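Q: First the structure, then my questions, so here it is.
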Amino acid sequence: MRVLHGVSGAANQPFTLSRAQRSLGVQSDCVLFGINPYGFKADYQIESATTTDQFDFLQFAIRNYDVFHFYYRSIIRLGTVARVFPSGSDLLALRAAGKVVVMHYRGSEVRSREIFDEINPYSYSAELPGMFEKWPRQEIDNFRNLVLGTADIILCADEELRTYVPEAKVINRALNLSNVQPVGPRLQNGAKLFVHAPTRPIVKGSHFIDAAFSEMHKNGTIASYRKVQNFENTVAMSIYSDATIAIDQLRIGWYGVFAVEAMALGKPTICYIREDLLSTHEDELPIINANPKNIRQVLEMVNDESLETLKIRGDKGRSFVEQHHDATKIARQLLELYEEALSNPRQSSRPDLIVDFLKRQALFTEFKRPSAPRRLRNLIVERGWRYGLLSAINASKVRLRKVFHRPKFRLLRRD
């Protein structure tokens, strides 16, 4: 069995799982499109994934892999959504080649604004409309139909995401525990240190946390608070190690990779778990539940707890991660799914869904896609001259690449 993970960074999950599968004796590699600021690793890297690059890599991958495990998107995609032809055509090519296709949903590509607003009292859609405009409901449904019609295995990262794709199987976020030793809660100069790592501050509810600490400090509370941003993962982990308590997010409704890392370090971890999801996990979640309305009260409560009590919380978190987020266990679980798909190939897809997807692409391409000069003008007017200029430069690079035919992808082979 030859497995390829990619093509997005996805909080380093593709690389983590590929290495865990290698430890089980499977040829498993990872490809990353673009440069990731967090230092995520890969075996193949395509720095500027033009359409030509994408198809060249697809041709190479079809010759060399049996299982294609995609996170968030597949190899062939134009723009920010999968509506422009030939986006998604690689899924059809892979099925025609008899490959196993896995789609692992991660978040915004399936989290529709309408459902999110209805079921989540702390929705951020009004404050961050661009995130939902990038994947409007019609495009979410269109991409989901393509996946339903082509994928052998459909996965999602947690119970909150399964709200939007009930056909998906939940595969927990994975962590290589041999690289993360529990250190428990630590004090800094005799005071507790709270750490928060917001990749998207509005999504994580960072302003609510900032305001809570501001009020606490005004009232004389002795506690330190640090936001960890724009660091490579190894550097960030060293900062987390020195903390007493971790704060993940307050608005999505489930915990993410940062919470898993913090619990693995033995840190008590605060996060918002949606009320209707509290009973969906087989074991009791060791998360300290908080939301934008009660975050200050929760922070004050935890700050008043003794170090011994916090250590007990941290130990429960570490045990939970060992049970449910160990990369080797999850890699083995995935291999069983792959084996089943290889042994029992999907007999039929949903051609009606595939045809509908292609029809939508054709309609968009024929009637809605602006010409190149108009598209550039829109970029300049709507998104600023700098963005438009960069787009023009990138377009020029694509033309030059076609002329000089530079290598399309780099082989990194980081073992």
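Q: Out of the total accessible area of the range 61-147 (probe 1.4 Å, heavy atoms of protein only), what percent is carbon and sulfur? Could you put the intermediate results ahead of the total?
A: Working: 1530 of 3050 Å².
Carbon and sulfur atoms account for 50 percent of the accessible area of the range 61-147.
Q: List every residue whose amide H lies under 5 Å from the amide H of VAL183, counting only residues 5 or more places away in sequence or on a different chain, with H placed 1.01 Å from N in the peptide plane.
A: Placed amide hydrogens put GLY266 under 5 Å from VAL183.
Q: Enter the Cα centre distance for the pair the range 227-261 and the range 46-103, rounded to the nearest angstrom.
A: 32 Å
Q: Given a Förster radius of 56 Å and the C-beta distance between GLU339 and SER214 as r, what FRET efficiency does 1/(1 + (r/R0)^6) yield to the nearest 0.05? Could you put the intermediate results ahead of the total?
A: Values: r = 53 Å, r/R0 = 0.95.
About 0.55, to the nearest 0.05.
Q: Follow-up question, since we're still on this one. What are the ³J(HN,Hα) couplings of the range 258-272, residue after residue, when phi is run through the Karplus curve with 6.51, -1.76, 1.60 and θ = phi - 60°? Round to Hz, x for glycine and proline.
A: Whole-Hz 3J(HN,Hα) from phi for the range 258-272: 4, 4, 5, 4, 5, 5, 5, 7, x, 8, x, 10, 9, 6, 8.
Q: Just to verify a number: FRET efficiency for MET301 and GLU133, C-beta to C-beta distance, R0 = 60 Å, to 0.05? Kindly include the intermediate steps, with their values, before the conclusion.
A: Numbers: r = 38 Å, r/R0 = 0.64.
E(calc), rounded to 0.05, equals 0.95.
Q: For the full complex of protein chains and a 1.4 angstrom probe, list GLU305, GLU133, GLU300 by accessible area with the highest value first. Display every interim value, and only then the final one.
A: On the way: GLU305 35, GLU133 130, GLU300 60 Å².
Accessible-area ranking of GLU305, GLU133, GLU300, largest first: GLU133, GLU300, GLU305.
Q: Another one. Figure the gain on full extension for ALA96 and ILE35 (residue separation times 0.36 nm, minus the Cα-Cα span) and round it to one decimal in nm. Provide the component values of the computation, followed by the final result.
A: On the way: separation 61, 0.36 × 61 = 21.96 nm, distance 3.07 nm.
Gain on stretching ALA96 to ILE35: 18.9 nm.
Q: Next question. May I ask for the angle, rounded to the nearest 10°, between helix 295-304 and the longest principal axis of the chain, with both axes built from Cα atoms and the value confined to 0 to 90°?
A: 50 degrees
Q: Place a point 7 Å from Cα of ASN179 in the direction of its Cβ. Which residues in the range 233-267 have their backbone N less than 20 Å from it?
A: It comes to 233-243, 256-267, nothing else.
Q: Which angle between 0 and 90 degrees, to the nearest 10, do you get for helix 13-23 versus the longest principal axis of the chain when only C-alpha atoms count?
A: 90 degrees
Q: Separate question: Which pairs break 23 Å Cα to Cα here: LYS192/LYS218; LYS192/LYS227; LYS169/LYS311; LYS169/LYS204; LYS204/LYS293; LYS134/LYS204?
A: Numbers: LYS192/LYS218 17 Å; LYS192/LYS227 14 Å; LYS169/LYS311 33 Å; LYS169/LYS204 25 Å; LYS204/LYS293 14 Å; LYS134/LYS204 19 Å.
Over 23 Å Cα-Cα: LYS169/LYS311; LYS169/LYS204.
Q: Here's a follow-up. Sorting SER28, SER48 by accessible area (1.4 Å probe), largest first, what list results?
A: Details: SER28 0, SER48 60 Å².
So the residues, ranked largest to smallest area, are SER48, SER28.
Q: Send over a whole-number figure in Å² for the accessible area per residue of the range 298-357, probe 1.4 Å.
A: Working: 3330 Å² over 60 residues.
I get 56 Å² per residue for the range 298-357.
Q: Between ILE202 and ARG350, take the C-beta separation as r, use R0 = 30 Å, and let me know the FRET efficiency to the nearest 0.05. Walk me through the intermediate numbers first.
A: Details: r = 36 Å, r/R0 = 1.21.
Once the sixth-power term is evaluated, E becomes 0.25.
Q: Only helical DSSP H runs with n ≥ 4 go in: add -39500 (n - 2.57) per run for the chain, normalise by residue count and round the 222 nm mean residue ellipticity to 500 deg cm²/dmol.
A: On the way: 17 runs with 188 residues, N = 415.
Computed mean residue ellipticity for the chain: -13500 deg cm²/dmol.
Q: Can you give the accessible area of THR52, probe radius 1.4 Å, in Å² rounded to 10?
A: THR52 exposes around 60 Å² with every protein chain in place.
Q: Could you name the aspartates and glutamates in cross-link range of LYS316, using Cα to Cα under 14 Å and dropping any fewer than eight places away on the same chain?
A: GLU261, ASP283, GLU284, GLU308
Q: Still on this structure, I have one more. How large is the dipole of the chain about the Cα centre if only Lys and Arg carry +1 and Asp and Glu carry -1, each at its Cβ, rounded to the nearest 20 debye?
A: Values: 57 positive and 46 negative charges, 421 e Å.
Dipole magnitude for the chain comes out near 2020 debye.
Q: Arranged from highest to lowest average of other beta-carbon atoms within 10 Å per residue, in what order do the peptides 250-256, 328-334, 264-270 appear? Before the final figure, lay out the partial values.
A: Working: 250-256: 24.3, 328-334: 18.7, 264-270: 26.6.
Ranked by mean Cβ neighbours within 10 Å, highest first: 264-270, 250-256, 328-334.
Q: Turning to a different aspect of this structure: How tilted is helix 327-343 with respect to the longest principal axis of the chain? Cα atoms for both, answer in degrees (0 to 90, nearest 10).
A: 30 degrees
The values are calculated or read from the model by the stated rules, or taken from the named source; none is laboratory data. These numbers come from a predicted model, not from an experiment. Backbone-built Cβ (ideal geometry, glycine too); neighbour counts: all protein chains shown. Keep in mind that these areas ignore ligands, DNA and RNA; they rest on the heavy atoms of the full protein, side chains included. Shrake-Rupley method; radii C 1.70, N 1.55, O 1.52, S 1.80 Å.
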